[in-house]
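First the structure, in the form of structure tokens, and then the observations on it.
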Amino acid sequence: GAVVSQHPSRVICKSGTSVKIECRSLDFQATTMFWYRQFPKQSLMLMATSNEGSKATYEQGVEKDKFLINHASLTLSTLTVTSAHPEDSSFYICSGLAGRLGTDTQYFGPGTRLTVL
Amino acid sequence: GENVEQHPSTLSVQEGDSAVIKCTYSDSASNYFPWYKQELGKGPQLIIDIRSNVGEKKDQRIAVTLNKTAKHFSLHITETQPEDSAVYFCAASMGAGGTSYGKLTFGQGTILTVHP
């Protein structure tokens, strides 16, 4: 159990276009989802925390107008990279946290490789 | 905020040997410490976790120890196999309750290579 999927797994786009990445919890309800980005040979950097039905909370230095996050249901969160530029190329990973009290475990998706030309 | 330091950054062992990775954290309010294994091009996979009310936890060849007083925790892998080769990340969290919403702070990662 506790499976998280991401779509697409890989995307290549032109500079200036927008890209949407979906994150789904397949067998549990994720009241909270997190979005991370990871550069080669580096650790995961938290971008934002998303609670179902409310606005996302962004980490310092992350542009909320550039990285739009929507958590419309307990099983789906989306990240839209608007007006993407080559420096946005990275590995984007989401995770879901089950809402039951005392359940701290985050389950991660397989990641989405974004390449902006 | 929380800061997690992880060592070593790379670790090379022979198959069958043990591997130990250590992490320290700064915020005494942290109470949940998971370890993740990440293979190339994939998302992190939880391999073991420990909560602050426990000093040690074991799952087959993998064990984690926690010293709350010293604010450090370690991952121990015994009888290593080539398929254990991956990047391992430690993390710390103040738990899902409260305003942190279970946010994880990750260590820098350890590249483990197990030679046949």
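The values are calculated or read from the model by the stated rules, or taken from the named source; none is laboratory data. Everything numeric here is computed off the predicted structure, so don't read it as measured data. Note: ideal-geometry Cβ built from the backbone for every residue, glycine included; neighbour counts use all protein chains shown. Areas reflect the complete protein model, heavy atoms only, side chains present, ligands, DNA and RNA absent. Shrake-Rupley method; radii C 1.70, N 1.55, O 1.52, S 1.80 Å.
Odds and ends about this structure:
- For A:Gly96, the shell of other residues with beta-carbons less than 11 Å away shows a net charge of -1, using +1 for Lys and Arg and -1 for Asp and Glu.
- Taken as Cα centroids, the stretch A:67-117 and the stretch A:1-19 sit 9 Å apart, rounded to the nearest whole angstrom.
- Exercise: per-residue mean of other protein chain Cβ atoms within 10 Å, B:50-56: 0
- Relative to its residue count, chain A spans a Cα convex hull of 99 Å³ per residue.
- Over chain A, relative contact order from alpha-carbon pairs under 8 Å, at least 6 apart, %: 36
- Burial ranking of peptide ranges B:36-42, A:72-78 (average Cβ count within 10 Å, highest at the top): A:72-78, B:36-42
- For the residues A:His85, A:His71, a 1.4 Å probe over the protein chains yields an accessible-area ranking, largest first, of A:His85, A:His71.
- Cross-link reach list, aspartates and glutamates versus B:Lys42, counting only Cα pairs under 17 Å and skipping chain neighbours closer than eight places: A:Glu22, B:Glu83, B:Asp84
- Rh (Kirkwood; distinct C-alpha pairs) - the stretch B:56-113, Å: 13.2
- Measuring nothing but how far apart in sequence close Cα pairs (under 8 Å, 6+ apart) lie, relative to its length, the stretch B:63-116 scores a relative contact order of 33 percent.
- Take each residue of peptide B:101-109, count the partner chain Cβ atoms within 10 Å of its Cβ, and average: the result is 6.
- Using C-alpha pairs under 8 Å with a sequence gap of at least 6, the mean separation divided by the residue count of chain B gives a relative contact order of 36 percent.
- Accessible surface calculations at 1.4 Å, restricted to protein heavy atoms, place chain A at 49 Å² per residue.
- Peptide B:37-43 shows a mean partner chain C-beta count of 5 within 10 Å per residue C-beta.
- Accessible area (Å², 1.4 Å probe, nearest 10) - B:Asp27: 40
- The protein assembly as shown - Cys residues lacking any other Cys C-beta under 4.7 Å: A:Cys13
- The mean of 1/r over all pairs of different alpha-carbon atoms in the protein assembly as shown, once inverted, gives a Kirkwood hydrodynamic radius of 18.2 Å.
- Solvent-free Debye scattering, log10 I(q)/I(0), computed from the Cα coordinates of the stretch B:1-91 at q = 0.18 Å⁻¹: -0.79
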